[in-house]
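A.B. asks: Starting off with a structure, shown below.
The values are calculated or read from the model by the stated rules, or taken from the named source; none is laboratory data. Every value quoted in this text rests on a predicted model; they were computed, and no experiment measured them. Please note: Cβ atoms are built from the backbone with ideal geometry, for glycine as well, and neighbour counts cover all protein chains shown. Calculation scope for accessible area: heavy atoms of the full protein, side chains included, ligands and nucleic acids excluded. Shrake-Rupley method; radii C 1.70, N 1.55, O 1.52, S 1.80 Å.
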Amino acid sequence: MIVRDATAEDLPQILAIYNDVIANTTAVWTEEPATLEDRQAWFAGRKAAGYPILVASEGGSVSGFASFGDFRAWPGYRYTVEHSIHVRDGERRRGVGSALLPALIERAAKLNKHMMIAGIEGENTGSILLHKRFGFLEAGRLFQVGHKFNRFIDLLLLQRGL
């Protein structure tokens, strides 16, 4: 497996992963699928901000992707980023997240960021354990702040110093 910077050519595979996550998990709190135009705008926005989009690739196929962006828009938060990692169905629990997360941490540190935040659905034990393995600590739980699949869901916040 290779972790590399995403290219525009990766966007259809990134879109397919993202839309599967939307349709079948509580990792993304929307029920509307994204369009290729949505992902192109996201890609351009991340690149314009100087933030990476990484993919884990094997044999030309994208197994997962990861990125980070500003935690909040106010200047006082400029050293804090919030990230996301999404893995193709069928590739989860095969080391894709473990390949992407340290590369993302390294990129944030090189950009002089101080803190990385993970916002994880409160019952996503796989993602929670992954983050704890890489030094993230629980910072708090927001109870029933999300709603998807006809139920309220918690948001667990984890953080890691860079």
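A.B. asks: Using only helices, what value at 222 nm comes out for the chain when you add -39,500 (n - 2.57) per DSSP H run of length 4 or more and divide by the total residues, to the nearest 500 deg cm²/dmol?
C.D. replies: My calculation for the chain gives -10000 deg cm²/dmol from helical runs alone.
A.B. asks: Rounded to the nearest 20 debye, what is the charge dipole size of the chain about its Cα centre when +1 sits on each Lys and Arg Cβ and -1 on each Asp and Glu Cβ? Please list the in-between numbers first.
C.D. replies: On the way: 19 positive and 18 negative charges, 126 e Å.
For this selection, approximately 600 debye.
A.B. asks: Now for a separate question. P(r) tail for the stretch 80-146, what percent of Cα pairs lie past 18 Å?
C.D. replies: 38
A.B. asks: While we're looking at this one, here's another question. With N denoting the number of residues in the chain, provide Rg(C-alpha) divided by 2.2 N^0.38 Å, to two decimal places.
C.D. replies: Rg over 2.2 N^0.38 Å, computed on Cα atoms: 0.99.
A.B. asks: Given the whole protein assembly as supplied and a 1.4 Å probe, what does the accessible area of residue 82 come to in Å², nearest 10?
C.D. replies: Only protein atoms counted, so the area is about 70 Å².
A.B. asks: Dipole size in debye (nearest 20) for the stretch 19-97 around its Cα centre, Lys and Arg Cβ +1, Asp and Glu Cβ -1?
C.D. replies: 360
A.B. asks: If the cut-off is a Cα-Cα distance under 28 Å, which lysines reach residue 110, setting aside same-chain residues fewer than 8 apart in sequence?
C.D. replies: Partners found: 47, 132.
A.B. asks: A further question follows. Let me make sure I get this right: for the stretch 1-80, a, b and c are the square roots of the gyration tensor eigenvalues over alpha carbons, sorted descending. Under 1.5 in a/c it's rounded, otherwise prolate if a/b > b/c, else oblate. Which is it? Write out the running numbers ahead of the final one.
C.D. replies: Numbers: a/c = 1.81, a/b = 1.27, b/c = 1.43.
Taking the square roots of the gyration eigenvalues as a ≥ b ≥ c, the stretch 1-80 is oblate.
A.B. asks: Let me ask another. Count neighbours as other Cβ atoms within 10 Å of each site's Cβ, and list the chymotrypsin sites (Phe, Trp or Tyr not before Pro) in the stretch 58-162 that are DSSP loop with at most 14 such neighbours. Before the final figure, lay out each step's value.
C.D. replies: Details: sites: 65, 68, 71, 77, 79, 134, 136, 143, 149, 152; in loops: 71, 79, 134, 136, 149.
Taking the stretch 58-162 and a limit of 14 other Cβ atoms within 10 Å, the loop chymotrypsin sites (Phe, Trp or Tyr not before Pro) found are 79, 149.
A.B. asks: Which one, 117, 149, 23, projects farthest toward the positive side of the charge dipole computed for the stretch 1-150 from Cβ point charges (K/R +1, D/E -1)?
C.D. replies: Of the options given, the answer is 117.
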